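The block underneath contains the structure these notes are about, expressed in structure tokens.
What follows is calculated from the coordinates using simple rules that are stated; it is not laboratory data. Note that this is a predicted model, so its numbers are computed, not measured. Every residue, glycine among them, receives a Cβ derived from its backbone with ideal geometry; neighbour counts consider all protein chains shown.
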Amino acid sequence: QVQLQESGPGLVKSSQTVSLTCTVSGGSISSGNYYWTWIRQPAGKGLECIGRIYTSGSTNYNPSLKSRVTISVDTSKNQFSLKLSSVTAADTAVYFCARQTISGGFDYWGQGTLVTVSS
Amino acid sequence: QSVLTQPPSASGTPGQRVTISCSGSSSNIGSNYVYWYQQLPGTAPKLLIYMNNQRPSGVPDRFSGSKSGTSASLAISGLRSEDEADYYCAAWDDSLSGYWVFGGGTKLTVL
């Protein structure tokens, strides 16, 4: 059974960079045709896809966040990561990592981690 | 402001059939598959429908999806109390280099 687990600081100061990691267990991150994705959800609001990375390393980012986002993968640790720079209060949200299958759906999700941006 | 448009709320009584709509444009729903997710309070979303109308293993056949042009719908028949949740539609958007877009979510209340 594939499992995803997010980790990272729960609190970050405005203008800084937040770094989150998603550890994948129960399967190799480099096997199969999967995209590894970051999605966030502000409290009481909807879902927003931040971006994704394929096992080859190719990425797609949400245009509204592209200038501040880097997603990378570390196959040796079976992890992929998110860096979001110049954060503001608007970036306060629960951040989920998820696996996207080749058919398009996000079939496995992490439990989510709350990131709060303080001034 | 979400790229895909959903009604903020929907409701029904046990046993009823309810539908939730999702409206997009030619760059997303009009040219790509639609996906539906169910999110219970405090949990991660769960894939409910993929590729417009396909159900993952374990999803009851009470849930069905359809798509026409730039709109899609999720139908839930035989409504049950445990169906009370938030529902989100999603589609790939071909604009720029491509990215996933979601609806704003619909809160389903079982009366």
Flag if residue A:100 is in contact (Cβ under 8 Å) with a residue 60 or more places away in the chain, closer than 30 Å to residue B:53 by Cβ, within 11 Å of another protein chain (Cβ to nearest Cβ) and surrounded by fewer than 16 Cβ atoms within 10 Å (Cβ to Cβ): no
Which numbered condition residue B:95 fails, given (1) within 14 Å of another protein chain (Cβ to nearest Cβ); (2) loosely packed, with under 15 Cβ neighbours inside 10 Å; (3) touching a strand residue (DSSP E or B) at 6+ places or on another chain (Cβ under 6 Å): (3)
Test set (1) more than 28 Å from residue A:3 (Cβ to Cβ); (2) more than 8 Å from every other protein chain (Cβ to nearest Cβ); (3) free of Cβ contacts under 8 Å to residues at least 24 places away in the same chain - residue B:111 fails condition number: (3)
Options B:19, B:109, B:5: the member that is under 10 Å from the mean Cα position of the chain (by Cα) and surrounded by fewer than 17 Cβ atoms within 10 Å (Cβ to Cβ): B:19
Complete set of residues in the range A:7-25 that are loosely packed, with under 14 Cβ neighbours inside 10 Å and β-branched (Val, Ile, Thr): A:17
Residue count, the range A:63-101 (criterion: among the β-branched types (Val, Ile, Thr), touching a Ser or Thr at 6+ places or on another chain (Cβ under 9 Å) and closer than 17 Å to residue A:35 by Cα): 5
Filter result for the condition that a residue is touching a Ser or Thr at 6+ places or on another chain (Cβ under 7 Å), among the aliphatic types (A, V, I, L, M), over 18 Å from residue B:93 (Cβ atoms) and surrounded by 14 or more Cβ atoms within 10 Å (Cβ to Cβ), over B:75, B:44: B:75
Matching entry among A:110, A:105 (being more than 11 Å from the chain's Cα centre (by Cα), within 11 Å of chain B (Cβ to nearest Cβ) and either aliphatic (A, V, I, L, M) or buried (at least 20 other Cβ atoms within 10 Å of the Cβ) (or both)): A:105
Answer from B:24, B:105 - the residue that is facing another protein chain (nearest Cβ under 10 Å) and in contact (Cβ under 8 Å) with a residue 60 or more places away in the chain: B:105
Matching strands (runs of 3 or more DSSP E) fully within the range A:5-81 where at least 2 residues are more than 30 Å from residue B:8 (Cα to Cα): A:11-13, A:18-25, A:48-54, A:69-74
Only listed residue being more than 9 Å from chain A (Cβ to nearest Cβ), out of contact with any helix residue (DSSP H, G or I) (no Cβ under 6 Å at 6 or more places or on another chain) and more than 18 Å from residue B:45 (Cα to Cα), chosen from B:58, B:78, B:65: B:78
